[in-house]
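See structure below.
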Amino acid sequence: MNKKYDLIIVGAGPSGVFTAYELIELGLAKDKKILLVEQGKAVEKRTCPVEKAGKCVKCKPYCSITSGFSGAGAFSDGKLTLPNKDSDSIEVGGSLHKYLGVEKTKDLMFYADDIYLKFGADPHIEGLENLDKIQEISERAQANNIILANCPIRHLGTEKSHELYKKLQDYILANNVEIMFETNVKDLIVKENKISGVIISPSGSTDCSKDVEIFSNNVVLGIGRKGANWLSEMCIKHSIKNRAGVVDVGVRYELPDSVMKDVNKYLYEGKFVGYLPPYKDKVRTFCQNPSGFVANEVYDNDLTLVNGHSYKNKKSTNTNLALLASHHFNDPFEEPIKYGVNIGENANQLGMGNVLVQRLGDILNGKRTWDKDLKSNSVVPTLKTAVAGDITYAIGYRTMVDILEFIKTMDKVIPGFANPDNLLYAAEIKFYSNEIVIDNNFETSIKGLYSIGDGGGVTRGLLMASANGVQMARVLKALI
Ligand SMILES: Cc1cc2nc3c(=O)[nH]c(=O)nc-3n(C[C@H](O)[C@H](O)[C@H](O)COP(=O)(O)OP(=O)(O)OC[C@H]3O[C@@H](n4cnc5c(N)ncnc54)[C@H](O)[C@@H]3O)c2cc1C
């Protein structure tokens, strides 16, 4: 095989998929040769054996939770965070507006939301009613130096997202876009600062004789957080300009629905942010799952981190959400991904390859949590594979202080937020590759090489990653 394409898109997450979708809508897929390369599986083949096996079996070569058609989106809870129409800023989802301006970014996000609706998303939006109740929560937060970002949410639910993305996959395949599944992009082909193609190999293969070069003068990288490490390697190898990014480190917090009932009812997902003393680091809540389940998130080299889902039909009695502290390193250490991986590995070592869980009360009393403590705990852990232990051995002092201060303050906003039986799972880490330097057309310092979505640091959520893909296609219209 020695093929030439008009465009190669690497990664079939929302950013890559919406690039392909919009190219079809713009009429380009009819005559142009467009290829989407994805290291994971087609959406209908993505299954996670954790429920049957009772534990995470660390699927090889890639975890189906984070790889495959629709990327980290298919198994995610599918909460589309819409921009607030009345606000003149965009608080959640990433920084696409830094490149395109707020109004254009909002338009793109609403356009992407319409595509989700067209493929079967629930028309109901949470957070548009009971504005007086939302205002009350917001005022209580403000009085305690916590900001509540008020963003409406469209909830797809994990099972529904799967169906929706299957329809989208069928549509893309039926419209002349070629998709190579279970195919890894190993390397980029760069000559004289211009992209001329990529080197692919079957996913999981270490046999170099199976490497194949495929060519294009336009390559879009939509590789997500999963590909952040690979992208950092590419930056070094091919001198792609980048700057040190942030790493978000923290825990998944699980507490009773009854404590979170007002936030769940009026907002579905409360996005709270604080910059509290002594460090004044940004600490935020993220990905809140009412009546949800805590989940494993497995990365390359079996690194097992924690995340959460909620389903449309299957319910627990707990709410889970991430509590994340943002850290930015620049002198002399500039490797936020390595820092995050080290924390994740420490936590895994202590949990014998599993996520650790600890009661808040035990952390405050300086003791580890034992299995027997969990058996009599009023909050029953929904992640059955989590191992009771001491997360403070793994998480740094500064991050721990950030998180505990945030929990204590949030207790004044939501009484019960700091109940001793609430559970902290470690580690939850959001890796962003070193921020790739791009222009307003998402072009990197390598001509013809573009970077979109979570991987290069532009977005942090489904809807903005999708909007980024739409705009990428519109830019490419004039170029391919
Ligand atoms: C469990 C979980 C729950 C989440 N819940 C929500 C939510 O409710 N709402 C929300 O807004 N966001 C949520 N997110 C985040 C959201 O999924 C991401 O922001 C979004 O998917 C980013 O899209 P992307 O296209 O940038 O990257 P991804 O969706 O990460 O897709 C990247 C794709 O590229 C592929 N890839 C990477 N490297 C290569 C390579 N070298 N060769 C070939 N393929 C490659 C990967 O396999 C992957 O499929 C969640 C994430 C997780 C993990």
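A few remarks follow.
- Looking only at residues in the stretch 6-59 that are at pLDDT 90 or above and among the basic types (Lys, Arg), the one that is farthest from the ligand (Cβ to nearest atom) is 30.
- Test set (1) more than 15 Å from the ligand (Cβ to nearest atom); (2) touching a strand residue (DSSP E or B) at 6+ places or on another chain (Cβ under 9 Å) - residue 313 fails condition number: (2)
- Top-ranked residue in the stretch 215-239 [being more than 10 Å from the ligand (Cβ to nearest atom) and crowded, with 24+ Cβ neighbours inside 10 Å; ranked as farthest from the chain's Cα centre (by Cα)]: 219
- Criterion (surrounded by 23 or more Cβ atoms within 10 Å (Cβ to Cβ) and within 16 Å of the ligand (Cβ to nearest atom)) met by exactly one of 403, 429, 438, 391: 429
- Any hit, the stretch 203-213, residues being under 19 Å from residue 472 (Cβ atoms) and either β-branched (Val, Ile, Thr) or in a strand (DSSP E or B) (or both): no
- Tally of residues being among the β-branched types (Val, Ile, Thr) and away from the ligand (no atom under 16 Å from the Cβ) across the stretch 447-480: 2
- Verdict on residue 284 being within 12 Å of the ligand (Cβ to nearest atom), among the basic types (Lys, Arg) and either closer than 17 Å to residue 418 by Cα or in contact (Cβ under 8 Å) with a residue 12 or more places away in the chain (or both): no
- Looking only at residues of the stretch 188-208 that are over 14 Å from residue 239 (Cβ atoms), of a type outside the set (Val, Ile, Thr) and within 15 Å of the ligand (Cβ to nearest atom), we find that the one that is surrounded by the fewest Cβ atoms within 10 Å (Cβ to Cβ) is 204.
- Among (1) more than 21 Å from residue 336 (Cα to Cα); (2) out of contact with any helix residue (DSSP H, G or I) (no Cβ under 7 Å at 6 or more places or on another chain); (3) away from the ligand (no atom under 12 Å from the Cβ), the one test that residue 266 misses: (2)
- Residue 350 vs. criteria buried (at least 16 other Cβ atoms within 10 Å of the Cβ), among the aliphatic types (A, V, I, L, M), within 24 Å of the chain's Cα centre (by Cα) and modelled with pLDDT of 95 or more: no
- Given (1) within 16 Å of the ligand (Cβ to nearest atom); (2) over 19 Å from the mean Cα position of the chain (by Cα); (3) farther than 30 Å from residue 414 by Cβ, index of the condition residue 127 fails: (3)
- Screening the stretch 370-480 for helices (runs of 4 or more DSSP H) wholly inside it with 2 or more residues that are in contact (Cβ under 8 Å) with a residue 40 or more places away in the chain returns the ranges 397-413, 462-477.
The values are calculated or read from the model by the stated rules, or taken from the named source; none is laboratory data. What you are looking at is a predicted structure, and each value in this text was computed from that prediction instead of being measured. When we count neighbours, we look across all protein chains shown, and the Cβ atoms used for this are built from the backbone with ideal geometry, even at glycine.
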